[in-house]
Amino acid sequence: MKKAISPSSGMPAPSTAALEQERKILLELGNDLTRVRDKSDLIALFSKRLKGLFNFTHAIITLIDHHNETISAFLYDIGTSPIQTHPGYLKLFKSRFSINNSFMRTALAATGPVSFILDQVKDQPGSPVFLKVNYEGGIREILMTKLQNAEKTLGFIHIYSDRIGSFTHEFRSIMSRIAPQLSSAVTNIIKNEDLLEKEKEKSFLLDFSVEIAQVKTKADLQAAIFKGLDNLLHTKLAMIRVIDDDGIHLSPFLFDKSLFAKVRSNFDEMANDKITIHETYTAQVLASTDGLVFNVEEELKGGNEYAKLWSTTGLKNMYSLPLRVGDRNIGTIWLLADRLTKLMLKGISAQISIAIANLQANEKLLAYKRQLEVENDYLKEQISTIYNFAEIVGNGEKMQQVYRLISLVADSGSTVLVLGETGSGKELIARAIHNASPRKDKLMVKVNCAALPASLIESELFGHERGAFTGAFDRRIGKFELANQSTIFLDEIGELPLEAQSKLLRVIQERELERLGGKQTIKVDVRLIAATNRNLEEEVKAGRFRADLYYRLNVFPIHLPPLRERPEDIEPLIQFFVAKYNKNTGRKIRKIKPSVIQQLKTYSWPGNVRELEHLIERSVLLTTDGTLSDVFTPASGRRKTRTGVSAKPFPGRT
């Protein structure tokens, strides 16, 4: 490097008049510095006071970051300097330059102001690029004076001139003597900025905590976070992930959809990836105490696949912290920002951790409440229809075969397919299997597949998340999830549309499901009993029922005989239903004529036991004395009752 010009570079001793002028300038500069209240005032007053007396184009104060060994602009006054027309000049104020080069080492070693002729230093190896840019902008010489705080170098004041030899002995002397006051002013400004920044941060965290305290829903939390981050310059929420109930996987919880608008498809793909607590970056974050900082540029060079997304935002750093309640990790938060302090990061993550934990607790309470309500509804239904399954009536040979099959399969967890005509009592068989199984203490959940609209089948069976579709205002627990560790009875399964059949097959095979609109996989332990009055083999051949689902269901088929094939059970059934409707209607029928029993035994019963029950109920209501002497099957035609009331034939249900 060419030799730097020192303060005493052969200059003649100053005259008395020059010394007096120097003292006057220093006094005025000192008075100016005492009036400084704003950091922009400091450099402006300095330049204004000296530009009228000495020739220079502009002045800049830089600060040294001793940790990173870099130097960057702190204050600047380029005024009307021709340098401002250079296309690359303003970028210099956002840049950092290494101090590990011969140019900066010379400046740091100087004991007073030191000047450099740019033409001699700009192209030296390692010289900072701002020298070349200034030269291209018409600058020819630079004077640098160290600013010291005790023994520590704060930075420099740089004076630039478009001529060589502008920095006179008088000017150098002034710079040397004013440097301590400039250093004090810069130190005070830095301290005041730090205090103001900390007060601003505390005020932000207080306001943020007030907003978070009012959160009741996930939407409220999102609004509070976005509102808070809007008040932080250059800070965006990249992602919040929460740890699933399995303690291994993490699911996306909140993120700013607008942040990665330029690479939306890539972001959606990565956001929906299955992430576990063992994933490299996640594991590092969860193991940390105060979180981690990832410099976007450095991560990009290192091959971090996420950094490709981060770099599209133009923000410098990715801050990631564990979301933690007590000593329990509940997730991670990722914030993109140019700069965030430790206080801000810990404050934000602590508030969000508490809010998410409260939401999760409330969500679980609501889920338990909804489950109890659903179970209560099922229990009421069971109580109101207890007579339908409290006892299976029939001891004929064919029913004995059914009982034997029930006893063989009840203790297992095998899937059972109950086949039989409408009204033959398939639900009673399902309940008998459940009540004889180890799952009897849990509620058996019944689903009538024929009664479900096609558009709601998936939601009914597997549940849905809030917002999964129009009208999904709350999370709904599906029937399979409700039947966890119990039995689910799918009645009329032959009525399921093909699309629903494929999803049901997956649940049966994998023993897991996802709620509609959800990403979390939920494991279920459910014993499946299905029933149908259709011939599923014929349905498979016709293409209306999936063959693979049929094979999954047909593990242990039980054929329930129609009532016409077990006439020996008709009389016990008549006795049972008469007793039941005596109690329900207040009638006191003590005798049933043999002709009635014989008549009912010869009827074909297209509606099976259900038809018999309804026929007995109607006959009991029409009987006014203690003897059931007549019934009204469709084959009986119109006839008169003993009371003379005209009775229409009873339509058998099909």
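Read-outs throughout are calculated quantities, based only on the coordinates presented, and are distinct from any laboratory measurement. Source: prediction; values computed, not measured. Here Cβ is always computed from backbone atoms with ideal geometry, including for glycine, and neighbour counts include all displayed protein chains.
Kindly work out what percent of the DSSP beta bridges joining two residues of the chain are antiparallel, to the nearest 5. Kindly include the intermediate steps, with their values, before the conclusion.
On the way: 62 of 82 bridges.
Roughly 75 percent of the beta bridges in the chain run antiparallel, per DSSP.
Once you have the Cα-Cα distance between Lys152 and Ser502, take 0.36 nm times their residue separation minus that, and quote the gain in nm to one decimal.
Numbers: separation 350, 0.36 × 350 = 126.00 nm, distance 7.32 nm.
Value of the extension gain: 118.7 nm.
In whole percent, what relative contact order does region 214-361 give with Cα contacts below 8 Å and a gap of six or more residues? Intermediate results must be reported in sequence, preceding the final value.
Numbers: 214 pairs, mean separation 36.6, N = 148.
Once divided by the residue count of region 214-361, the mean separation gives 25 percent.
Quick one: Cα convex hull volume of the chain, Å³ per residue?
219
Would you list, by chain and number, the aspartates and glutamates whose Cα falls below 12 Å from the Cα of Lys274, excluding same-chain residues fewer than 8 positions away?
Cross-link targets: Asp244.
For region 385-560, what is the Kirkwood estimate of the hydrodynamic radius, computed as the reciprocal of the mean inverse distance between distinct Cα atoms, to one decimal in Å?
Numbers: mean 1/r = 0.0596 Å⁻¹.
Computed over region 385-560, the radius equals 16.8 Å.
Calculate one ³J(HN,Hα) per residue across region 534-551 by plugging θ = phi - 60° into the Karplus curve 6.51 cos²θ - 1.76 cosθ + 1.60, and present them in order as whole Hz with x for glycine and proline.
Each residue of region 534-551 in turn: 8, 8, 5, 4, 5, 5, 5, 4, 7, x, 9, 9, 5, 5, 5, 5, 4, 5 Hz.
With all pairs of different alpha carbon atoms counted, what Kirkwood hydrodynamic radius in Å does region 16-194 show? Intermediate values should be presented prior to the final figure.
Details: mean 1/r = 0.0604 Å⁻¹.
Computed over region 16-194, the radius equals 16.6 Å.
Tell me, what ³J(HN,Hα) does each residue in region 321-328 have, in order and in whole Hz, if you take phi through Karplus 6.51 cos²θ - 1.76 cosθ + 1.60 with θ = phi - 60° and put x for Gly and Pro?
Karplus-based 3J(HN,Hα) across region 321-328 equals 10, x, 8, 9, 10, x, 9, 10 Hz.
For region 545-597 and region 186-205, compute the distance between their C-alpha centroids and round to whole Å.
84
What is the angle, in °, between the Cα long axis of helix 608-622 and the longest principal axis of the Cα atoms in the chain? Nearest 10 is fine, range 0 to 90.
Approximately 70 degrees, to the nearest 10.
Less than 12 Å Cβ to Cβ from Ile139, Lys/Arg counted +1 and Asp/Glu -1: what total charge do the surrounding residues give? Let's see the in-between values first.
Values: positive: Lys122, Lys132, Arg140, Arg163; negative: Asp119, Glu136, Glu141, Asp162.
Result for the neighbourhood of Ile139: 0.
First obtain the Kirkwood hydrodynamic radius of region 462-608 from its Cα pairs, then insert it into the Stokes-Einstein equation at 10 °C and 1.306 mPa s, and state the resulting D in µm² per second as a whole number. Working shown, then result.
Working: Rh = 19.1 Å.
Here the translational diffusion coefficient equals 83 µm²/s.
For region 214-361, what class follows from the C-alpha gyration tensor (a ≥ b ≥ c being the square roots of its eigenvalues): rounded when a/c is under 1.5, otherwise prolate if a/b is larger than b/c, else oblate?
On the way: a/c = 1.37, a/b = 1.21, b/c = 1.13.
Rounded, since a/c falls under 1.5.
Collect residues whose amide H, placed 1.01 Å from N in the peptide plane, falls under 5 Å from the amide H of Thr487; neighbours closer than 5 in sequence don't count.
Amide H neighbours of Thr487, under 5 Å, 5+ apart: Val445, Arg527.
For Phe226, what is the net charge nearby, where nearby means another residue's Cβ is under 15 Å from its Cβ and Lys, Arg count +1, Asp, Glu -1? List each step's numbers first, then the result.
Working: positive: Lys218, Lys227, Lys236, Lys257; negative: Asp207, Glu211, Asp220, Asp230, Asp256.
Value of the local net charge: -1.
Considering amide H positions built from the backbone, and no H for Pro or chain starts, which residues 5 or more places from Ser166, or on another chain, come under 5 Å of its amide H?
Counting only residues 5 or more places away or on other chains, the set is empty.
Assuming a viscosity of 0.692 mPa s and a temperature of 37 °C, what translational diffusion coefficient in µm² per second does Stokes-Einstein assign to region 144-251, Rh being the Kirkwood radius over Cα pairs?
Approximately 172 µm²/s, per Stokes-Einstein.
Once the other residues with Cβ under 13 Å from the Cβ of Ile61 are scored (Lys, Arg +1; Asp, Glu -1), what is the net sum? Kindly include the intermediate steps, with their values, before the conclusion.
Working: positive: Lys39, Lys146; negative: Asp41, Asp77.
That sum, taken over residues with Cβ under 13 Å, equals 0.
Exposure proxy check: Ser288, Ser176, Ser455 ranked by fewest other beta carbons within 10 Å?
Numbers: Ser288 12, Ser176 15, Ser455 8.
Listed from fewest to most nearby Cβ atoms, that is Ser455, Ser288, Ser176.
Taking amide H positions as placed in the peptide plane 1.01 Å from N, state which residues far from Asn149 in sequence (5 or more) or on other chains have amide H under 5 Å from it.
Long-range HN contacts for Asn149: Leu154.
Name the shape class, rounded, prolate or oblate, that the alpha-carbon gyration tensor gives for region 93-185, where a ≥ b ≥ c are the square roots of its eigenvalues, rounded holds for a/c under 1.5, and otherwise prolate holds if a/b is larger than b/c and oblate otherwise.
Values: a/c = 1.87, a/b = 1.25, b/c = 1.50.
Since a/c reaches 1.5 but b/c is at least a/b, the shape of region 93-185 is classed as oblate.
Could you work out how much longer the chain between Asp273 and Lys198 gets when fully extended? Use 0.36 nm per residue separation minus the Cα distance between them, nm to one decimal.
Details: separation 75, 0.36 × 75 = 27.00 nm, distance 3.81 nm.
Using 0.36 nm per residue and subtracting the Cα-Cα distance, I get 23.2 nm.
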